[in-house]
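K.L.:
I am attaching a structure below and will ask some questions about it afterwards.
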Amino acid sequence: MREHILNKEITREIKAELPVIPREMIKERGCSYCPYYAGTFQKRPRCLLAECAWDNENERFHPALRKMLPEYETAMEKARVKYEERKKSYELLVSMFADELAQEERKKDECYGCVYGKCGPCIGICYKRIMG
């Protein structure tokens, strides 16, 4: 069993080119339960494989699916560029508010506001626990 693209990610144009499964074969082999079943398009069941896995042990995907590669490459490139722009904006925002974020982190510390820790480093006695 090989990994494959999901049915909903296949474009309509490519689905139209996938091989049609005869109705008799669907009833006989239970193709609708097969992981390579591509669903129905134009009221006709379709398969992702060039030949049925029952007939041929070598699972070869239909060549029409290969036409989706350039489309996905361009989409991935656009997503990568968008991600890098967002990351740059995020890092700029973090640098703008670095002092405020550091102060908020200090406030989360257990020893923040402790009378023993105000004048110097923590001495190991927790005033909050003693006064509990």
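K.L.:
When the residues of region 94-113 are filtered to those that are in a helix (DSSP H, G or I) and open to solvent by 90 Å² or more (accessible area, probe 1.4 Å), which remaining residue is modelled with the highest pLDDT?
P.N.:
Within region 94-113, the subset in a helix (DSSP H, G or I) is 94-96, 98-108.
Narrowing the set further to residues that are open to solvent by 90 Å² or more (accessible area, probe 1.4 Å) leaves 96, 99-100, 104-108.
Details: MET96: 92, ASP99: 88, GLU100: 88, GLU104: 84, GLU105: 83, ARG106: 78, LYS107: 80, LYS108: 80.
Among residues in region 94-113 that are in a helix (DSSP H, G or I) and open to solvent by 90 Å² or more (accessible area, probe 1.4 Å), the one modelled with the highest pLDDT is MET96.
K.L.:
Oh, and also: Determine, yes or no, whether GLU17 is surrounded by 10 or more Cβ atoms within 10 Å (Cβ to Cβ), within 30 Å of ILE130 (Cα to Cα), of a type in the set (Asp, Glu) and more than 21 Å from the chain's Cα centre (by Cα). First the steps, then the outcome.
P.N.:
Working: surrounded by 10 or more Cβ atoms within 10 Å (Cβ to Cβ): yes; within 30 Å of ILE130 (Cα to Cα): no; of a type in the set (Asp, Glu): yes; more than 21 Å from the chain's Cα centre (by Cα): yes.
The answer is no for GLU17.
K.L.:
Still on this structure, please answer the following. Anything in region 42-54 that is hydrophobic (A, V, I, L, M, F, W, C) and buried (at least 17 other Cβ atoms within 10 Å of the Cβ)? List them, or say none.
P.N.:
Taking region 42-54 first, the residues hydrophobic (A, V, I, L, M, F, W, C) are 47-50, 52-54.
If the condition is that a residue be hydrophobic (A, V, I, L, M, F, W, C) and buried (at least 17 other Cβ atoms within 10 Å of the Cβ), then CYS47, LEU48, LEU49, ALA53 are the ones that fit.
K.L.:
So, one more: Could you run through region 31-83 and say how many residues are in contact with a strand residue (DSSP E or B) (Cβ under 8 Å, 6 or more places away or on another chain), touching a residue at least 24 places away in the same chain (Cβ under 8 Å) and not hydrophobic (A, V, I, L, M, F, W, C)?
P.N.:
Here the count works out to 8.
K.L.:
So which residues in region 55-73 are polar (S, T, N, Q) and exposed (fewer than 10 other Cβ atoms within 10 Å of the Cβ)?
P.N.:
As a first pass, look at region 55-73 and keep what is polar (S, T, N, Q): 56, 58.
Answer for region 55-73, where residues must be polar (S, T, N, Q) and exposed (fewer than 10 other Cβ atoms within 10 Å of the Cβ): just ASN58.
The values are calculated or read from the model by the stated rules, or taken from the named source; none is laboratory data. All values reported here derive from a predicted model rather than from experimental measurement. Ideal geometry is used to build each Cβ from the backbone, glycine not excepted, and the neighbour counts take in all protein chains shown. Side chains included, ligands, DNA and RNA excluded: accessible areas come from the protein's heavy atoms. Shrake-Rupley method; radii C 1.70, N 1.55, O 1.52, S 1.80 Å.
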